[in-house]
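Shown next, in structure tokens, is the structure this report addresses.
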Amino acid sequence: MSDTPILIATADGVAEVTLNRPDKMNALTPEMICRLADAWDAIQEDPLVRVAILTANGGRAFSAGADLGRLTPLLTRAREPEDEYDERLRAEPKLLNRAMLRGTTMTTPVIAAARGAVVGGGMEMLLGCDLRVVSEESSLGLTEVRRGLIPAAGGVARVSRQVSAAHAAEILLIGDRIDAATAYRMGLVNRVVPASEVLAVAREMAATMSENGPLAMRAAKQGMVRSSGVPLADAFGIEDELIRGVLRSADAREGSKAFMEKRRPKFTGT
């Protein structure tokens with residue numbers, strides 16, 4: 001197995017991004033943050049990529065969050081930069097936002113395929129993904145309050161929008177982990193499957209999505225993000241803006257034509 005901490009593979013319109021530090025429970029280092037940010041930028045800009053999967057090697061953890069020996073001391077300025085990745089992250093603090101899918105610029109749909117522990121920054125990455133497949137034995141949590149911190153890479157903002165206020169308070173303020181079945185009941189994850197099936201299920205979902213209109217999927221995701229929390233009339237305005245662009249696309253014409261001709265559409269992303 002490669003010792004590169006972030007692996008990227010692309011085939012048939014699907015990009016797979018793999019956290020590859022299983023011996024350290026895929027805890028996030030400055031190098032991983034830099035490489036993740038670059039990976040998402042490349043995926044977003046690649047017209048051939050229709051959907052991405054974020055997964056991890058090793059069965060113990062999807063990610064245990066920040067590496068408390070490398071990343072956290074750098075961010076708190078308890079240590080000085082020691083290599084090119086430290087220097088880059090210190091110079092470009094917004095790299096952390098891009099790596100954690102925090103923001104609205106990533107319109108390519110992302111599926112999380114997670115096994116084992118999904119905590120801290122790992123949980124925040126999962127919350128940043130659009131669809132989530134986890135293993136039956138997974139435990140999930142935002143445990144930052146137990147270390148005198150808050151999950152400020154998207155955790156506070158996202159979990160409070162994605163589940164009820166009572167559930168969000170339980171996750172954020174108690175700091176305990178929840179099991180996969182509880183996460184499913186809360187609506188935090190889409191599928192709970194045996195560990196051996198997690199990646200296969202995510203790939204099946206990605207394969208189905210890769211046959212959809214890529215412009216339409218990106219517009220739908222953008223609409224969900226932009227309209228979250230805004231008044232209904234404003235949300236309708238966002239919807240109107242996005243559909244105008246989609247209707248002008250060759251894909252929209254191809255979709256209607258294929259339906260009338262009773263065949264599978266051949267979308268080009270134009």
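Brief remarks on what is shown
- Filtered residues of region 214-270 (kept if crowded, with 17+ Cβ neighbours inside 10 Å, of a type in the set (S, T, N, Q) and not in a helix (DSSP H, G or I)): Ser249
- Residue among Ala202, Ala207, Ala153 that alone is buried (at least 16 other Cβ atoms within 10 Å of the Cβ), in a helix (DSSP H, G or I), among the aliphatic types (A, V, I, L, M) and touching a residue at least 12 places away in the same chain (Cβ under 8 Å): Ala202
- Against the criterion of being more than 20 Å from Arg50 (Cβ to Cβ) and touching a residue at least 24 places away in the same chain (Cβ under 8 Å), Arg244 does not qualify.
- Residue list for region 26-74, filter: among the basic types (Lys, Arg) and within 19 Å of Val133 (Cα to Cα): Arg50, Arg60
- Each residue in region 156-191 was checked for being in a loop (DSSP other than H, G, I, E, B), of a type outside the set (Gly, Ala, Ser) and in contact with a Ser or Thr (Cβ under 7 Å, 6 or more places away or on another chain), and 1 of them qualify.
- Those residues of region 61-76 which are surrounded by 14 or more Cβ atoms within 10 Å (Cβ to Cβ), among the hydroxyl-bearing types (Ser, Thr, Tyr) and either modelled with pLDDT of 95 or more or outside any helix (DSSP H, G or I) (or both), in sequence order: Ser63
- Within region 156-167, considering residues that are free of Cβ contacts under 8 Å to residues at least 40 places away in the same chain and under 19 Å from the mean Cα position of the chain (by Cα), the one farthest from Ser227 (Cα to Cα): Val156
- Selected residue [surrounded by 17 or more Cβ atoms within 10 Å (Cβ to Cβ) and not in a helix (DSSP H, G or I)] from Arg98, Arg102, Arg79: Arg102
- Residue among Ile43, Ile53, Ile33 that alone is in the same structural domain as Lys94 (by TED's automatic domain parsing) and not in a helix (DSSP H, G or I): Ile53
- Residue in region 82-102 that is touching a Lys or Arg at 6+ places or on another chain (Cβ under 7 Å) and not aliphatic (A, V, I, L, M) present: no
The values are calculated or read from the model by the stated rules, or taken from the named source; none is laboratory data. Please read all numbers here as calculations on a predicted model, not as lab measurements. With ideal geometry, Cβ positions are generated from the backbone for all residues, glycine too; neighbour counts draw on all protein chains shown.
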